[in-house]
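S.K.: Just dropping this structure here.
The values are calculated or read from the model by the stated rules, or taken from the named source; none is laboratory data. Remember, it's a predicted structure, so these values are computed and weren't measured experimentally. Cβ atoms come from the backbone with ideal geometry, glycine included; neighbour counts cover every protein chain shown. We work out accessible area using only protein heavy atoms, side chains counted, and drop any ligands, DNA or RNA first. Shrake-Rupley method; radii C 1.70, N 1.55, O 1.52, S 1.80 Å.
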Amino acid sequence: MDQLKIEVRKARPTEGRFIARCVMSAIGMPVFSKEFSKENFEMLEVLSEVCAQPDTLYSYRNTIVATVGDIPVGALTAYSGAMYPQMKEKTFAMVKEKTGFEYKAQWDDETGAGEYYLDSLCVLPSFRGHHIGSLLVSQALETAEGLGFPLAALIVESEAKGLQEMYAKCGFTPAGKKFCFGKDFIRMVCQIF
């Protein structure tokens, strides 16, 4: 296969639907398969609205997009952990209002102040294997360094060994566990300086 010309840029406000699909994929929903249900479609509609907002967890403002020929093929949402509480509140209020889904109080917060949080990474299935995920993570780490964050963090599903290996190659190491969205996750961190 020819070498792909991949570019990374800030997401656009009009890309809310693409970002929403990426977020759904990152949390394990079958957005790229035949198993995409009516409930999944309803969640896609709601998350598309969430992603088009300037001040939510999955906002286009917090997202970078990898493109091939100006076609989005991957995305990564990342932001200051200090912003997490207020963005989480707005995000899940919108989701609850439209779908009834409620963020549970007993779930761990994904991030907190003092770190740059990599929230949702996704590469379209037909473009995997071209190091697009690593490129997006590297760009996010450069942004974190430029903003003066000493630490970047993320969570990854315990069963996602391939993703854990990719994050390790990008400089992340395991640093405990988190229980979010009713699942166990491994917390990984990268010391920036």
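S.K.: Give the ranking of 61, 9 by solvent-accessible surface, highest area first, calculated with a 1.4 Å probe. Walk me through the intermediate numbers first.
M.R.: Details: 61 140, 9 50 Å².
From most exposed to least exposed: 61, 9.
S.K.: Give the percent of DSSP beta bridges with both residues in the chain that are antiparallel, rounded to the nearest 5. Write down the numbers at each step before the final one.
M.R.: On the way: 31 of 33 bridges.
Bridges in the chain are about 95 percent antiparallel.
S.K.: In addition: Post the alpha-carbon centroid distance, the range 176-192 to the range 45-63, in whole angstrom.
M.R.: That distance is 22 Å.
S.K.: Calculate the translational D of the range 1-136 in whole µm² s⁻¹ from Stokes-Einstein, where the hydrodynamic radius comes from the Kirkwood formula applied to all Cα pairs, the temperature is 37 °C and the viscosity 0.692 mPa s.
M.R.: Values: Rh = 15.4 Å.
Using the Kirkwood radius from Cα pairs, D works out to 213 µm²/s.
S.K.: Heavy-atom accessible area per residue, the range 1-88, 1.4 Å probe: how many Å²? Don't jump to the answer; show the numbers that get you there.
M.R.: Numbers: 4380 Å² over 88 residues.
The answer is 50 Å² per residue.
S.K.: So how strong a dipole does the range 13-124 carry about its Cα centre when Lys and Arg Cβ are +1 and Asp and Glu Cβ are -1, to the nearest 20 debye? Each step should come with its number before you reach the end.
M.R.: Values: 10 positive and 16 negative charges, 42 e Å.
Dipole magnitude for the range 13-124 comes out near 200 debye.
S.K.: If you don't mind, another one. Between residue 67 and residue 45, what is the label-point separation in nm under the 7 Å Cα-to-beta-carbon projection?
M.R.: 2.9 nm
S.K.: Restricting attention to the chain, give the cysteines that have no other cysteine Cβ less than 4.7 angstrom from their Cβ.
M.R.: Cys with no partner Cβ under 4.7 Å: 51, 170, 180, 190.
S.K.: Check residue 172: other-chain or 5+ apart residues with amide H under 5 Å from its amide H, H built from backbone geometry?
M.R.: Counting only residues 5 or more places away or on other chains, the set is empty.
S.K.: What does the helix-only formula give at 222 nm for the chain: each DSSP H stretch with n ≥ 4 adding -39500 (n - 2.57), the total divided by the residues, and the result rounded to the nearest 500 deg cm²/dmol? Present the calculation step by step, with values, prior to reporting the outcome.
M.R.: Values: 5 runs with 65 residues, N = 193.
After summing the helix terms and dividing by residue count, I get -10500 deg cm²/dmol.
S.K.: Moving on to the next point. Would you mind putting 149-157, 99-107 in packing order, based on average other-beta-carbon counts within 10 Å, highest first?
M.R.: Peptide ranking by packing, descending: 149-157, 99-107.
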